[in-house]
Amino acid sequence: MFVDAWDPSYGASFEGGDAADGPGSPSSAQVNTDVEVPADQWAPVDVPARLKPPDVVFLVDGVRRNDAGLWTAEEDGQSYAGLAASYAAGVVRCDLHNGRAELAGARVARGLFTASPSAEDVTAGSVRYEVHRVSGTGEASKLPAAVQPPLTALEIDISSEARNHGSDGADLLVVDGPLRNRRQLPRTIGYIKTQQKQYLSAALTTVVTSLKPAQRTPVFGMGTVWGGWSWYLRLPGASGAPWAGIVRIECSPDLTPDQAIELAELSAATLPRFASSAYKDPRAPQNLVPIAGLERRLRGMLGDSRVLHRALTTATSRLR
Amino acid sequence: MPTDVPSVNLSDPWCNMIGVSDEVELANDPVGRVLGTADATPLQFWTAVTPGSYLQLDDVVVTKRDLPDREPVTIAGVVTQVRARHEGAQFDSDVFAIAEGTLPALVQEAAEITTTRVDPELYVPPAPGAVVHRATGAARDAALHFDRMERRVPMGTGRDGVPVFLNADFLDGTRGAHVSISGISGVATKTSFATFLLYSVFRSGQLGADGTNARALIFNVKGEDLLFLDHPNTKLDDRTRAAYKLLDLPATPFPDVRVYAPPRANDSSGAPDVASRLTGVDSFYWTIEEFCEKRLLPYVFADADDERQQYTMVVHSVTAHLARHAVPAEGGISIDGRRLGSYGDMVDHIVDQLTDDETRSTWAGSAVNMGTVNAFARRLIGSKRDLSRLIRGDLAARRPHQIKTAESAQVTVVDLHNLPDRAQRFVVGVTLKTEFEDKEKAGTGRPLLFVVLDELNKYAPREGSSPIKEVLLDIAERGRSLGVILIGAQQTASEVERRIVTNSAIRVVGRLDPAEASRPEYGFLPPAMRQRALLARPGTMFVNQPDIPVPLCVEFPFPAWATRKSESGPPPAETMRSIVQGVDPFAVVGGRSGSSDDDIPF
């Protein structure tokens, strides 16, 4: 029996099924497990001793917050739901050689997400909520998902900017969450904390659960929509439960298998030192230390939600 | 006035915007902004320091608050606390992750500003986000109220290396008087600061004729430190000379010093008892005749005025009897038909008379019982050893032997360090009483007399009563109008009579004992300064004066005069006249040495 390190309010680091069994729902995706080694020779992979981890690591993350729910009153008497949300993306540049972690870039944006055809930008106090028109009927429950694309776009912008300024050509960019449409960024890996789908067969899953800290599985290919190369890695500091401290990492399918394997080696050499400790982070060890710090900074930059809520209330009452 | 301090139009102390013009602000990069995560109040606020700049304790800053419908308010203050912290760190151990380069964090410094001046006097808080500038030149003078001081006595430099001043109005009795200096013995440099302050009063010219004519009476209680005030200091280097120049003071010893020392014990010649200074020292003593005539007996007893002590009655009746019946007889006195030639003889005679049933009532009155007389006698006999060298019947009465600042040099040093405790009290009490009475008779507050007295807690303790304490209280309470200014020093202000401390307009603190620093007597120090006082270096003092709401941290220069034999240069020419005495043995008795024009005895 093991206690999950994650705070229960965040769920578990994997979802569905029994806690001991790992991710519940098996994926329907086609999985190619013969990329690095044939499937019958799968075994945990250690970090090669000769490997030099990158000196500079960029970590990208975004945060979002719903500031207020709104309702519009159309001239024809209809009403649309609206969501005023603040979101921010930022990049941490960790210079491990010089021991300096700094915010390489951060940007805050605010949007008013609604399907209403009549809605206009709302200026609340000193901030401006730009209208993002949502297609379709725009029910209130679907609006939060509409915030994700602009946030991802912001993350892409900010990470390419940060790299333009401080890249040494050998750095590594870690994106929080699946790569999705960020796959065109060079030397980039997606870092997935929560395991929802079981991609591997039962026989190969035992390789995952038998990983020791800082060991990874061989690279496998995934035939899903977003696709790409992927591998599992166990972070240090976990409780010892079979799926504790396991993260899945993916990289762009446009890379050759050799390039993917190189990235996998780099990730296994780099990421374990960023693992957080359980008493400091409710999602340890998967929530990486720089990401946690970045999220705190970004949340601070979003501004005080009560102030924004009040400003929105004042601004909309003036519009009436 | 030092050249690097821009002059301020003194005729108009309320000059506009306390010297902060737009040019000043433009020339000065902003050093930070008022922060909004802590309350900003009109009297205290926090400033976030701009990355790349810094603020240290005691820096002077200025900010502005724009107001609708009226001119902007300028708020100036000094930094009383600075802190730096990692923003973005939650746990103490995060610092390792930050240093390792895995956790992003920001180092942010913030400074607490205590307001010293608001102009115009509209007590509004500075707005969070307002730009804060370092105050220099006229703005700094204004922030520290130097521009309103008509006469400013330099007392050293601030932490920023620019002179700081004392308002002479609070020193010479115009609006206040007396200085109280507290600090641990040895490291607090209390006496050095007191002498430097005197030097500055005498030499800065800020007090005009008052400064030149002023006299100082210094009691030297420890070592022979103060006996070399008129000797140049051989360790004086160019840096110290530059420091004096910055303060617009000459780096020279005191020009006019006279040193008095007690006569050597068991020495009939009355030669002064000093070890290191051999020239220009006079001995002081009182003749028995003076002792009786001036009613000095109560000063022999430390607690003679204490109501609880029965024998004080005897002290006063014996004093009165001596004054009434003693007849001068060649230095000594003659009483009841006997000539008494020494203090010991006199004590023996008094005790004999008191123990004799027949004569007791004429000396002590009728209602005195034997126990009280014995208490008196025991104490009187005990004083023989300590006082017999000071109260003499064998030395010439006409020889100058009294300490009189009016007839002495500008600085009169009275050396007490060789004397036992009781004798020290006697000398201090009698000298101060004489000086104060002379001032009362003269009825004028000029010339000023500065009295420097260390270990004030011994002479004016908080508890009890004594004739010496009464004299000191008199000086503290009435001295201001009579031109007698007490510069008192003590290790612990909490042990000194409260009325003396509260009457001091200027309070100075050097390094303090931790337990002492928390006492209410140091309430004028803000908490951060109280902590700093625990580690103040020698030469650093915190000076509180009435018209500046925050004590100023002052570094005063190394003395330009010698403070011990080893660093003393050649003695001044006047003192070379005689090996043992500053008084020319061939000069007319009673005449002032060196003033040759007055020599002719008409």
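Every number in this text was worked out from the coordinates using simple rules, so none of it is lab data. Just so you know, these numbers come straight off a predicted model, no measurement behind them. Virtual Cβ from ideal backbone geometry, glycine too; neighbours counted across all protein chains shown.
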Item to check | Interchain or long-range residues, amide H under 5 Å from residue B:486's placed H | outcome: B:178, B:179, B:451
Checklist entry - So what is the 222 nm mean residue ellipticity for chain B from helices alone, if each DSSP H run of at least 4 adds -39500 (n - 2.57) and you divide by all residues, rounding to the nearest 500 deg cm²/dmol? => result -8000 deg cm²/dmol
Checklist entry - Which percent, to the nearest 5, of DSSP beta bridges fully inside chain B are antiparallel? => result 65 percent
Item to check | Anisotropy class of segment A:158-220 from Cα gyration tensor, a/c 1.5 cut | outcome: prolate
Next on the checklist: Once each part is reduced to its C-alpha centroid, what is the distance from segment B:425-463 to segment B:321-373 in angstrom?
Outcome noted: 29 Å
Checklist entry - Of the peptides B:254-264, A:248-258, B:454-464, how do they stack up when ordered by the mean number of other Cβ atoms within 10 Å, highest first? => result B:254-264, B:454-464, A:248-258
Checklist entry - Using modelled amide H (1.01 Å from N, peptide plane; none on Pro or chain starts), what sits under 5 Å from the amide H of residue B:259, excluding residues fewer than 5 places away? => result B:282, B:413
Checklist entry - Using only Cα atoms, what Kirkwood radius does segment A:8-319 have, in angstroms? => result 21.0 Å
Item to check | Filter on A:142/A:193; B:294/B:439; B:222/B:565; B:294/B:404; B:384/B:404; B:222/B:458 - keep pairs with C-alpha separation over 18 Å | outcome: A:142/A:193; B:384/B:404
Checklist entry - Mind checking the mean number of beta-carbon atoms from other chains within 10 Å of the Cβ atoms in B:95-101? => result 6
Checklist entry - So how far, in whole Å, is the C-alpha centre of segment B:152-186 from the one of segment A:187-233? => result 75 Å
Item to check | Percent of C-alpha pairs per 5 Å bin, segment B:56-213, short to long | outcome: 2, 7, 12, 14, 13, 13, 11, 9, 8, 5, 3, 2, 1, 0, 0
Item to check | Estimated dipole of chain A in Debye, rounded to 20 [Cβ of Lys and Arg +1, of Asp and Glu -1, Cα centre] | outcome: 800 debye
Item to check | Fraction of beta bridges assigned by DSSP in the protein assembly as shown that are antiparallel (%, nearest 5) | outcome: 70 percent
Next on the checklist: Less than 14 Å Cβ to Cβ from residue B:356, Lys/Arg counted +1 and Asp/Glu -1: what total charge do the surrounding residues give?
Outcome noted: -3
Checklist entry - What does the helix-only formula give at 222 nm for chain A: each DSSP H stretch with n ≥ 4 adding -39500 (n - 2.57), the total divided by the residues, and the result rounded to the nearest 500 deg cm²/dmol? => result -7000 deg cm²/dmol
Checklist entry - Dividing the Cα convex hull volume of segment B:25-96 by residue count, how many Å³ per residue is that? => result 132 Å³
Checklist entry - Size of segment B:309-464 along its principal axes in angstrom, Cα-based, largest extent first? => result 51, 41, 34
Item to check | Cα pair distances in segment B:16-148, grouped into 10 Å bins until the bin that holds the longest one, percent each | outcome: 13, 41, 28, 12, 6, 0
Checklist outcome for this item: Measuring from the longest principal axis of the C-alpha atoms of chain A, the long axis of helix A:257-270 (C-alpha) lies at a number of degrees, nearest 10, equal to 80 degrees
Next on the checklist: Let me confirm one metric for peptide B:103-109, namely the mean number of other chain beta-carbon atoms within 10 Å of its residues' beta-carbons.
Outcome noted: 6
Checklist entry - With Cβ to Cβ distances under 15 Å as the rule, what net charge do the other residues near residue B:452 carry (K, R +1; D, E -1)? => result 0
Checklist outcome for this item: Residue-ordered couplings for segment A:90-102, obtained by feeding phi - 60° into the Karplus form 6.51 cos²θ - 1.76 cosθ + 1.60 and rounding to whole Hz (Gly and Pro as x), are x, 10, 9, 9, 9, 9, 6, 5, 9, x, 9, 10, 9
Item to check | Alpha-carbon spread of segment B:349-390, three principal axes, descending order, Å | outcome: 33, 17, 12
Next on the checklist: Net charge around residue A:44, counting only other residues with Cβ within less than 14 Å of its Cβ (Lys, Arg = +1; Asp, Glu = -1)?
Outcome noted: 0
Checklist entry - What whole number of Å gives the distance from the Cα centroid of segment B:253-302 to the Cα centroid of segment A:104-148? => result 94 Å
Item to check | Using distinct alpha-carbon pairs, which all enter the 1/r mean, Kirkwood radius of segment B:173-298 in Å | outcome: 17.5 Å
Next on the checklist: In Å, what Kirkwood hydrodynamic radius results for the protein assembly as shown from the alpha-carbon pair distances?
Outcome noted: 35.1 Å
Checklist entry - Which angle between 0 and 90 degrees, to the nearest 10, do you get for helix B:421-442 versus the longest principal axis of chain B when only C-alpha atoms count? => result 80 degrees
Checklist entry - Over the Cα atoms of chain B, how large are the radius of gyration and the largest Cα-Cα distance (Dmax), in Å? => result 28.8, 101
Next on the checklist: Within 10 Å of each Cβ in A:97-103, how many Cβ atoms from other chains are there, averaged over the peptide?
Outcome noted: 4
Item to check | Per residue Cα convex hull volume in Å³ - calculated over segment B:288-392 | outcome: 86 Å³
Next on the checklist: I'd like the Karplus ³J(HN,Hα) series for segment A:283-288: coefficients 6.51, -1.76, 1.60, θ = phi - 60°, whole numbers in Hz, and an x wherever there's a Gly or Pro.
Outcome noted: 10, 6, x, 5, 6, 5
